[in-house]
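To start, the structure under review is shown below, and the notes come after it.
Read-outs: derived from the displayed coordinates by stated rules, not from any lab. These numbers come from a predicted model, not from an experiment. Cβ placement follows ideal geometry from the backbone for every residue including glycine, while neighbour counts extend to all protein chains displayed.
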């Protein structure tokens, strides 16, 4: 069976979720947040791809959300504030010299990591259910 672009996005999203889970066990919270953000990004790109649109090299969850047709049909439970909080993790959790003040409170805590992972897992599961 031929693997589709959507399948590839979902495989990478699942891989990021696994990495986030492993990093949580290792108490490396900033990487949990980073991989959670990446999993959501890839879920959104899978959805965009399923709608026949190009995914582009965009990392902003907010911008990807805007590119989808009716994302609230799948993710009606998703609070914009949760999504925006996770979106903030992309840059400062990757680079120690990221923009000063990107995360004014410093690196993410265990609580931030757990919350980000829960949101990412829910987004992934909702997408898998929708695609069936």
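Quick notes on this structure:
- Taking a point 7 Å from the Cα of residue 107 along the Cα-to-Cβ direction, the residues of the range 17-50 with backbone N closer than 11 Å to it are 27-32.
- By the beta-carbon count within 10 Å of each Cβ, the least crowded to most crowded order of 73, 68, fewest first, is 73, 68.
- Cα gyration tensor category, rounded, prolate or oblate, for the range 1-82 with a/c compared to 1.5: oblate
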